Amino acid sequence: MAAANPVRRSFALPKLEAAGARFEALGDFQIAVSYRNAADEMATAKRMGLADLSPLPRVGFKGAGTCNWLQSRRLKIPEAPNRAAPQTDGALALRLAREELLLLGGLAEGAPDPGDLCNRWQVARTKPRGYPLPRQETHAWFLVSGEAADSMLAKLCGVDLRPAKFANLTVAQTSLARVNGVICRQDLGATLVYHLLADSASACYLWDCLLDAMTEFQGGPVGLTAVRALPAT
Amino acid sequence: MKIMTCPLNGPRNISEFHCAGEAVLQPDPRDLSDADWADHLFLANNSLGVVREWWCHTPSSYWFIAERHTGSDEILKTYPANEFFRERVDFDAREEGA
Amino acid sequence: MAKQATASGGANRMTAPAGVWVDRDKPVSFSFEGKRYKGLAGDSLASALAANDVWLLSRSFKYHRPRGVLTMAGQDANTLIQLPGEPNVPADRLAIREGLAAWGQNYKGSLEKDRNGFLNCFGAFMPVGFYYRSFNKPRFDRYWEPTIRRMAGLGKIDLGAGQGYFDKAYLFYDLVVIGGGAAGLSAAITAAKASAEVLLIEENPALGGALAYARFDAEGMAGERRRQELIAAAEAEPNLTVMTDALCNGWFADHYVPVIKGDRLYKVRAKQLILAQGSIEQPAQFRNNDLPGVMLGSAAQRLIRLYGVRPGKTAVVLAGNDHAYGVALDLNDAGADVSAIVELREDAGSGPLAAAAQDRGIAVMAGHCVQEAVPARGGKHLGAVRVSRIDGPGIFDPGSVGIDCDLLAMSVGYTPTYQLALQSGGKLSYDDRAAHFTIAQLPSGLQLAGSLNSTYDLSAAEAEGAHTAWRAATALGLEAGAEPAVPEDRGAAGVNHPWPIFQHRRGKDFVDFDEDLQVQDIQNAVAEGYNELELVKRFSTVGMGPSQGRHSALATARLVAKATGRTVAETGVTTARPPFSAETLGVLGGRIFEPERFTPMHHKHKASGAVMMTAGLWWRPAYYGGKAKREESIAAEVRNVRNNVGLIDVSTLGGLEVRGPDAAEFMNRLYTFTYKKQPVNRSRYLLMTNEQGVVIDDGVACRFDADHYYVTATTGGVDRVYRQMLWWNTQWCLDLDVANVTAAYAGVNIAGPKSRQVLERLESDVDFSAEAFPYMRLRSGYLAGIPARFLRVGFVGELGYEIHVPASYGESLWTLLLEAGKAEGIRPFGVEAQRVLRLEKGHIIIGQDTDGMTTPDEVGMAWAVSAKKPFFVGKRSIELRRRNPSKRQLVGFTLPLDGPLPLESNILLDDAGEMAGFVTSAARSEVCDAAIGLAYAPAATKPGEELTIKYSDGRLLQAAASAPHFYDPGNKRQEG
């Protein structure tokens, strides 16, 4: 019998490798932690950075009963669809419809896995309580940071994402470079930040589109280390 | 490009939407004669004036109703489909030919 | 204003302050037609050449007549020149740069000595409607087309030119103002002060519009003073963004306007839109009105005031309005000798400009016209004009006086730049009294200001700009103060002369310079019976050239109106469509997004030498091994599945979760088969029909729990199936949820007699034995630590398992299985081998073996259609169609293994040689020792019957009909 030692891969892994990423283990995943020296990378993250957060945990719930049940699990539910609410444990809850939520795990080291809610869901008796969605697998998770991030995204997306028009913790379900996706603004520290969640099978395509659009802004890939340092800046 | 206001997602370029024609209450096919069934399938009303239509916001797969004037192409209002389709639809078993 | 010309940047260059756009400290050298010149930074190619006394820029399209500066506004075809790698560049818009090398175009030999210039004398052989008639005759292709292509043409395309980088971006503004003249600037500043976010778009390198080049007062400095004040005010507004060198090329619904700046196309969304694009000055019609040296008054003023270039030494001004006197004054200031103002009106102008001109002693010949421009020696420039008394509208006395001159500046009227306004739905009409076009019935949120709205008076234009801005701001819900006053007198009276058309008996009185159309050509088109303007356009090609009728529409409308006895308003203009001005294909085509989807194993396939193919947006391995060994590779992959074990990536397969108390009821309504009694942990075939009873998708329903189905759908069909499911349940309101999890799962099919052995080498909590895990059963569990769903299915007709795992584990699963199966000789197989394998089993592929009419009965799927259910989508239609049985059925056929292999869509013939069906699939099958295939054949076809297939080369192949199941019809292998 072969040894059980499965490895999970980010959907954009070939692109990260080509960009010269340095990886560290995160659960069964390898996550890109950096590409260059720390100071340069921090400057890039503040100017315009693209990070692949696909290995970080996330989960979704959808269907009748979703909000009630998650509220009973002490989640803070955003007051309206297409709004997001930060959770005390660092997670971010995106409300995509009246009864649909997408939970992004916290960025900090050791943040809990919202996917653990699935275990709770399995054994719960409440009905209805929605149905879990494998958002870790259906969607790649990219983070775009920097003061011109909205101008860069305006090259890929027809929604007005300018900070004055698209408030912090707002969500847009739209098309990004013709790939369906979810955009959520969550500023980190003083830096403008958008989370992009889009079809995992299109991750490599979207990564290239984003890097191409970033060229004129001197943007580039950044690792998890720089992203984690943003809130303190 | 036109703007369509999605009841869930707000105003968006119409390229984010898919139109599925006039929204009508579906008949129980068993209640229709062959000719009426064929009429239902193949003959769209295509009337001039304000028409209630099915639209889907593709990125969120959200179906809703839009009222559009087929002459001016003006979209007069949009609202969730459950304002129109509220009742559960069931097809009870019947004797064939009944 | 300075009067002396200096040699700085060309012999015709004036001293500062003339030339607000050029920088005298920055000389630029460039070449034209191989000859080197010096210009100034800020010069256009045309202005720099004019400064060097070079006026001949091009040859006309049809007659190869010499052409030069007409508008200096980038609006005419006269100035189109050739750059290396780019034809048809307007020389009066192209900024010169160091080392620029430009050439004329559309000539044989050289621009100066065009050997096709003789065509000028043969106009009679190319009458109006020549193209229209010739295009309709068979000889056109053979004879005329190559001839015309040689003679005419607009520049040369460089096929070796490198690819540029073009892209697109969205912009959003409360208010977009198009046109940065007095009205546009005033509107933009006013709205920005009311805290609207404003974008001001200007086509030229600098703001100002007519303020920068026209003369508004006797002193001659009022425009420039006001320009500087307005620009300073605009720069002080933080809410105002200015985009210069930016061309707005169309209007689309809900104020969506494309703006081209450099290599980028901005897709601008405006809540409110103000068009202030000004007006386009119109030429007069008289003999040789196209000679270089004959130009619009505004073109002469642009040369003087924008570029500091004196447009001629001895000038005549043709006046139809008072603006002409401003032109005369400007020429006089520039050091030109103004010999006369030829005034079309009975009386000389009466305003302050006319008074100032008369004060300077410039002669005015009232009630006269120019009946002919006479070329100087060599024929390439104006040498004199022949002036005659006007006897009536368009009629002049045969007697004339000649006046020597090298410049004739025409100021006879304008058309509004109406293109965008009309595209938005505005209606054009004609004010007979003022002899100009007006625009009405604009859509909500769109306003006009300035001379586009026939407001010519400077202060009136500014006031109108402010008023439209106030209305826009108010509509946006902003506090904009009290409503500003609208001017009563907008200065429109007397601006347009009603009939500046003086037809000459010897012609060459051009209406359309692009297409070399003369007054007579328009009249002849009407005489031929083409009396509607749209028909005149099609017949004569008027307005079809690069300037799109900007200088011909008014004259054409007037001529057609007169010839048909209607008013100009009734005649109208032809439909305005985007683009307003020429745009490059690069701008349109650049950065088109074409999504591609990759499975998690994609780069493993590439590393294994897979030849990839597309399936919708996905990339899939077609087969492994180089293209040179295609057939061998596919055959080896097939053989390995039949004899050993193969592995195929099926991650692209659609996956949907249907969950909830009504899941089974929902499945029953969506698919033809029955699912309510389907036991948990079993799978069942799925067939979907649409309401017309046509087969549209298939797959497998996996019941993992009483209220949980995992449903597979075809790669190309899943998005539609998902959307349909949501649509139906929006109406039915059943208690369930549907989720599209296609990308969440990587899938493989491990198939072949040794597939079980391979799986058993890996650690798993699933018992893969035949007894514990029979055919069409499901299991959930782990394989080598990877959470997985296992489906025993038989698409390729061997013992096989589909394994679906979270996509992030996909590559691990692939690697583990290939490693584990080494001893069994496992190898990956691609879509091509799978197509052969499934065909040997007679399994259909939706979309390949079905078409837009296929019923389940036609493809032998009656067994998958439940008659007992009260409803499923398509049931009513299937029942109805059964009463009128189909005339066709899908049958198998066989042919010799080594003979020709029919192609998809080869037709079947009946005894009479009529089409009796067609082939949908065919492949060479080693295991069947035959070429096999599926085809639609007449319904009564029996196995063994002969089918005649017409091969692609016309040969008739005699195939034997058979049951579609060629291999292991008892399914012993897949169910074992």
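The values are calculated or read from the model by the stated rules, or taken from the named source; none is laboratory data. Values in this document were obtained by computation on a predicted structure and should not be read as measured data. When we count neighbours, we look across all protein chains shown, and the Cβ atoms used for this are built from the backbone with ideal geometry, even at glycine. What goes into the accessible areas is simple: the full protein's heavy atoms, side chains included, and nothing from ligands, DNA or RNA. Shrake-Rupley method; radii C 1.70, N 1.55, O 1.52, S 1.80 Å.
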Given the structure, is C:VAL805 surrounded by 23 or more Cβ atoms within 10 Å (Cβ to Cβ) and either at pLDDT 95 or above or assigned by TED's automatic domain parsing to the domain that holds C:VAL700 (or both)? yes
Scan region C:310-337 residue by residue and report those that are open to solvent by 10 Å² or more (accessible area, probe 1.4 Å) and within 26 Å of C:GLY39 (Cα to Cα). C:ARG310, C:LYS313, C:THR314, C:ASN332, C:ASP333, C:GLY335, C:ASP337
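Tell me yes or no: at least one residue of region C:751-758 is within 14 Å of another protein chain (Cβ to nearest Cβ) and more than 48 Å from the chain's Cα centre (by Cα).
Yes, region C:751-758 contains a residue that is within 14 Å of another protein chain (Cβ to nearest Cβ) and more than 48 Å from the chain's Cα centre (by Cα).
So in region A:131-159, with the set limited to residues that are closer than 19 Å to A:TRP121 by Cα and not charged (D, E, K, R), which one is farthest from the other protein chains (Cβ to nearest Cβ)?
A:PRO132
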Selection within region A:114-130 - under 29 Å from A:ALA229 (Cβ atoms) and within 14 Å of chain C (Cβ to nearest Cβ): A:GLY115
Among the candidates C:ASP23, C:ASP43, single out the residue that is farther than 23 Å from C:PHE513 by Cα, at pLDDT 95 or above and surrounded by 20 or more Cβ atoms within 10 Å (Cβ to Cβ). C:ASP43
Kindly indicate whether any position in region A:183-196 is open to solvent by 30 Å² or more (accessible area, probe 1.4 Å), more than 9 Å from chain C (Cβ to nearest Cβ) and closer than 23 Å to C:HIS603 by Cβ. no
Going by what's in this entry, would A:GLU100 be described as in contact with a strand residue (DSSP E or B) (Cβ under 8 Å, 6 or more places away or on another chain) and not aromatic (Phe, Trp, Tyr)? yes
Can you tell me which residues in region C:776-794 are small (Gly, Ala, Ser) and either away from chain A (no Cβ under 14 Å) or farther than 29 Å from C:ARG835 by Cα (or both)? C:GLY781, C:ALA784, C:GLY785, C:GLY794
Among A:ALA45, A:ALA32, A:ALA108, A:ALA64, which is the only one that is aliphatic (A, V, I, L, M), open to solvent by less than 70 Å² (accessible area, probe 1.4 Å), in contact with a Gly (Cβ under 9 Å, 6 or more places away or on another chain) and part of a helix (DSSP H, G or I)? A:ALA45
Looking only at strands (runs of 3 or more DSSP E) that lie completely in region C:869-976, which have at least 2 residues being touching a His at 6+ places or on another chain (Cβ under 8 Å)? none
Please state which of the following conditions C:ALA449 fails to meet, knowing it meets all the rest: (1) assigned by TED's automatic domain parsing to the domain that holds C:GLY184; (2) more than 30 Å from C:GLY250 (Cβ to Cβ); (3) open to solvent by less than 20 Å² (accessible area, probe 1.4 Å). (2)
Among (1) at negative phi; (2) within 12 Å of another protein chain (Cβ to nearest Cβ), the one test that C:GLY874 misses: (1)
Scan region B:23-37 and report the pairs whose first residue is over 24 Å from B:ILE65 (Cβ atoms) and whose second residue is basic (Lys, Arg) and not in a helix (DSSP H, G or I), with Cβ atoms within less than 8 Å and a gap of 6+ or a chain change. B:ARG30/B:ARG94
For C:GLY349, all conditions in the list (1) modelled with pLDDT of 95 or more; (2) buried (at least 24 other Cβ atoms within 10 Å of the Cβ); (3) outside any strand (DSSP E or B) hold save one; what is the number of the exception? (1)
Residue pairs within 6 Å by beta carbon, gap of at least six or interchain, first lying in region C:62-75 and surrounded by fewer than 22 Cβ atoms within 10 Å (Cβ to Cβ), second part of a loop (DSSP other than H, G, I, E, B) and not acidic (Asp, Glu), listed first then second, are C:GLY74/C:ARG93
Quickly run through region A:167-182 and pick out the residues that are facing another protein chain (nearest Cβ under 7 Å) and assigned to a loop (DSSP other than H, G, I, E, B). A:ALA177, A:ARG178
Could you please give the count of residues in region C:821-840 that are within 13 Å of chain A (Cβ to nearest Cβ) and either open to solvent by less than 20 Å² (accessible area, probe 1.4 Å) or closer than 24 Å to A:PHE11 by Cα (or both)? 1
Keeping to region C:813-854, report how many residues are in a helix (DSSP H, G or I), in contact with a Phe, Trp or Tyr (Cβ under 6 Å, 6 or more places away or on another chain) and more than 30 Å from C:GLU691 (Cα to Cα). 2
Pick from region C:248-271, criterion more than 14 Å from chain B (Cβ to nearest Cβ) and touching a Gly at 6+ places or on another chain (Cβ under 9 Å), ranking: farthest from C:SER195 (Cα to Cα): C:ASP263
Residue match in region C:717-726 (condition: within 14 Å of chain A (Cβ to nearest Cβ), under 22 Å from C:SER866 (Cβ atoms) and in contact (Cβ under 8 Å) with a residue 60 or more places away in the chain): yes
Can you run down the residue pairs with Cβ atoms below 7 Å, 6 or more apart or on separate chains, where the first is in region B:46-66 and over 20 Å from C:TRP728 (Cα atoms) and away from chain A (no Cβ under 14 Å) and the partner is in a strand (DSSP E or B) and hydrophobic (A, V, I, L, M, F, W, C)? B:VAL50/B:LEU76
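Residues checked against (1) buried (at least 23 other Cβ atoms within 10 Å of the Cβ); (2) at pLDDT 95 or above; (3) under 27 Å from A:ARG8 (Cα atoms):
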site: A:ALA154; (1), (2), (3): no, yes, no
site: A:ARG162; (1), (2), (3): no, yes, no
site: A:ALA167; (1), (2), (3): no, yes, no
site: A:THR170; (1), (2), (3): no, yes, no
site: A:ASP199; (1), (2), (3): no, yes, yes
site: A:ASP208; (1), (2), (3): no, yes, yes
site: A:GLY223; (1), (2), (3): yes, yes, yes
Inspect region A:92-103 for any residue being part of a loop (DSSP other than H, G, I, E, B), away from every other protein chain (no Cβ under 14 Å) and either in contact (Cβ under 8 Å) with a residue 60 or more places away in the chain or open to solvent by less than 60 Å² (accessible area, probe 1.4 Å) (or both) and give the result as yes or no. no
Any hit, region C:621-640, residues being among the charged types (D, E, K, R), open to solvent by less than 10 Å² (accessible area, probe 1.4 Å) and either away from chain A (no Cβ under 13 Å) or out of contact with any Asp or Glu (no Cβ under 9 Å at 6 or more places or on another chain) (or both): yes
Counting only residues that are open to solvent by less than 40 Å² (accessible area, probe 1.4 Å) and assigned to a loop (DSSP other than H, G, I, E, B), which one in region C:353-375 is farthest from C:ALA336 (Cα to Cα)? C:GLY367
I'd like the residue in region A:120-141 that is over 27 Å from A:ALA203 (Cβ atoms) and part of a helix (DSSP H, G or I) and, out of all such residues, is farthest from the chain's Cα centre (by Cα). A:VAL123
